Amino acid sequence: MEIKSNLCSNATRKIGLLITKASAIGMDIGGYGYADENTSSGNVYLWLEDYAFTLYIGLGSDDIYALWTNPEDGEEIEIEVEGSDLSELESWANALYNDSQEV
């Protein structure tokens, strides 16, 4: 995983929170991915290739969310991560993917 450079101290702090949460729920952060700040939205995110969702923290908060993006139309759906484990998040993302494939 790569951490993008030139981040402000608050974005760096939030990346630390994301990495801590990812590790706590059992995500493997050693694979390909990156942590960065979206300068348009102010969201700080952790994207890892091995997972069908992205973890992020929004502007003005320390709450961590999982974000799934529909590969067909780009629609984004999010849930709060607090109280969820990796299995639940993967099941959530997989169910959304399966629903998106139904015609």
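Readers should treat all values here as calculations from the given coordinates under stated rules, not as data from a laboratory. Note that the structure is a prediction, hence the values are computed from the model and not measured. Here the Cβ positions follow ideal geometry from the backbone for every residue, glycine too, while neighbour counts run over all protein chains shown.
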Which residues does the label zone of ILE29 cover in region 80-102, counting backbone N under 20 Å from a point 7 Å along Cα→Cβ? 80-90
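Taking 0.36 nm per residue of separation and subtracting the Cα-Cα distance, what length does fully extending ALA95 through LEU17 add? All intermediate terms of the calculation are to be shown ahead of the outcome.
Numbers: separation 78, 0.36 × 78 = 28.08 nm, distance 2.66 nm.
Going from the current span to full extension adds 25.4 nm.
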Toy charge model, Lys and Arg Cβ at +1, Asp and Glu Cβ at -1: the chain dipole around Cα centroid in debye, rounded to 20, equals 620
Farthest towards the positive end of the dipole of the chain, among GLY83, ALA66, MET1 and with Cβ unit charges of +1 on Lys and Arg and -1 on Asp and Glu, lies the Cα of MET1
With n ≥ 4 as the cut-off for DSSP H runs, can you work out [θ] at 222 nm for the chain, using -39500 (n - 2.57) per run divided by the number of residues, rounded to the nearest 500? -10500 deg cm²/dmol
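Evaluate the charge dipole of region 55-103 about its Cα centre and quote only its size in Debye, nearest 20, assuming +1 on the Cβ of each Lys and Arg and -1 on the Cβ of each Asp and Glu.
Numbers: 0 positive and 14 negative charges, 20 e Å.
Approximately 100 debye in magnitude.
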As computed over the chain, the Cα convex hull volume per residue (Å³): 98
For ASN38 paired with LEU7, estimate the spin-label separation in nm (one decimal), with each label point 7 Å from Cα along the Cα-to-Cβ line. 1.5
Along the charge dipole of the chain, pointing to its positive end and built from +1/-1 on Cβ of Lys, Arg, Asp and Glu, which listed residue (LEU17, TYR51, ALA95) has its Cα farthest out? LEU17
